[in-house]
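Peer 1: Got a structure for you, written out below as structure tokens; questions coming shortly.
The values are calculated or read from the model by the stated rules, or taken from the named source; none is laboratory data. Just so we're clear, the structure is a prediction, and the values are computed from it rather than from any experiment. Ideal geometry is used to build each Cβ from the backbone, glycine not excepted, and the neighbour counts take in all protein chains shown.
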């Protein structure tokens, strides 16, 4: 019997954020396909294994860790090259700045077809802007680039990546992918939220591009018109102290709970009446898809791939960085339970099949077939002697 082709999936992930969820989802839903998967993560010296590694081990994936001594360790390329040889890998697939940079060197050394995934770019610091430039430059050499939204494809093309080798494959969600461990009522009781209070959720990294400061300004306006509102801010990041101080300065501390990173995020979708995503930029936000899967009404800024998800009344959108527009829609939604239920129902029904995990897996596997069929044009295909 012929051996299945192997795909090396490389990702630098500690927590299970959007890209990590996508990798786990792919391997799980493609388990019975014609490909085998080797999942590769990074083991930074002095750091304990993160949630992604624990989950990959729990799922009994073929997981391999590359030893990393410093933030920029050239030995990663040497280890990855050795792993490709030992595992007899046929396709290289990379996610994120670090993995895509390693993929650039592996493409030159190993001459395997390489797919680089572009999930989004964080512009909140000089260092991250430099990383973004390096990543986009590296992706020019990839045989194929997966953009998680059409808007991401447009951005990549503007940065010199050939349009003909970019494929748009949206993030996805499977029914019952997130299994709650507690009811919404239990979560509310745990955090001292009364049954009559309406709860707004803001889920994501506490970084400038996520727009939590705009949300708090909008919340201040909203509370003048709607009483009995609590906000759950779930996530951690560099802006937490600043946001907490903003709450104190604006008298919002009794209305906002900062809950930090929560592994059991599914529990919190059940506890909220409305998801607000006030971002300045996005790729294809998993939080929007996840909220919709729980039938939660979504209010988001019209950035990145959001308009590709919110269509036909399955959610509401406002311009980014506009607290007045955001407050107006928050007041409308929090004042009308029937409207929230209708939007939530449309959101749930709009997910499938377009944003289903099966659709996403088929599109990625089709890309593998395309590469292995010999239609790679920019650097050749096939294995070389080691």
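Peer 1: For residue 161, all conditions in the list (1) assigned to a loop (DSSP other than H, G, I, E, B); (2) modelled with pLDDT of 95 or more; (3) touching a strand residue (DSSP E or B) at 6+ places or on another chain (Cβ under 7 Å); (4) not assigned by TED's automatic domain parsing to the domain that holds residue 131 hold save one; what is the number of the exception?
Peer 2: Of (1) assigned to a loop (DSSP other than H, G, I, E, B); (2) modelled with pLDDT of 95 or more; (3) touching a strand residue (DSSP E or B) at 6+ places or on another chain (Cβ under 7 Å); (4) not assigned by TED's automatic domain parsing to the domain that holds residue 131, only one is false for residue 161: (4).
Peer 1: Among the residues of the range 282-292, is any without any contact (Cβ under 8 Å) to a residue 40 or more places away in the chain and crowded, with 24+ Cβ neighbours inside 10 Å? Spell out the reasoning first.
Peer 2: Taking the range 282-292 as the starting set, the residues that turn out to be without any contact (Cβ under 8 Å) to a residue 40 or more places away in the chain are 288.
From the residues that got through so far, the ones that are crowded, with 24+ Cβ neighbours inside 10 Å too are 288.
Yes - at least one qualifying residue is present in the range 282-292.
Peer 1: Restricting the range 309-323 to residues that are touching a strand residue (DSSP E or B) at 6+ places or on another chain (Cβ under 9 Å) and either at pLDDT below 95 or not in a strand (DSSP E or B) (or both), which is surrounded by the fewest Cβ atoms within 10 Å (Cβ to Cβ)?
Peer 2: Checked the range 309-323; the qualifying residue surrounded by the fewest Cβ atoms within 10 Å (Cβ to Cβ) is 319.
Peer 1: Where in the range 7-99 are the helices (runs of 4 or more DSSP H), entirely inside, with at least 3 residues that are closer than 22 Å to residue 147 by Cα? Steps first, answer last, please.
Peer 2: Values: elements: 18-29, 51-58, 75-87.
Ranges flagged: 18-29.
Peer 1: Right, something else. Any chance you could count how many residues in the range 120-142 are touching a helix residue (DSSP H, G or I) at 6+ places or on another chain (Cβ under 6 Å) and in a loop (DSSP other than H, G, I, E, B)?
Peer 2: So the answer is 5.
Peer 1: Inspect the range 184-195 for any residue being under 25 Å from the mean Cα position of the chain (by Cα) and at negative phi and give the result as yes or no.
Peer 2: Kept after step one, since they are under 25 Å from the mean Cα position of the chain (by Cα), are these residues of the range 184-195: 184, 187.
Those left that are additionally at negative phi: 184, 187.
Checked against the condition, which is being under 25 Å from the mean Cα position of the chain (by Cα) and at negative phi, the range 184-195 yields at least one hit.
Residues are listed down the side, and each one gets a yes or a no for (1) assigned by TED's automatic domain parsing to the domain that holds residue 366; (2) farther than 21 Å from residue 43 by Cα; (3) under 18 Å from the mean Cα position of the chain (by Cα); (4) in contact (Cβ under 8 Å) with a residue 24 or more places away in the chain:
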residue: 62; (1), (2), (3), (4): yes, no, no, yes
residue: 67; (1), (2), (3), (4): yes, no, no, yes
residue: 90; (1), (2), (3), (4): yes, yes, no, yes
residue: 93; (1), (2), (3), (4): yes, no, yes, yes
residue: 115; (1), (2), (3), (4): yes, yes, yes, yes
residue: 134; (1), (2), (3), (4): yes, yes, no, yes
residue: 142; (1), (2), (3), (4): yes, yes, no, yes
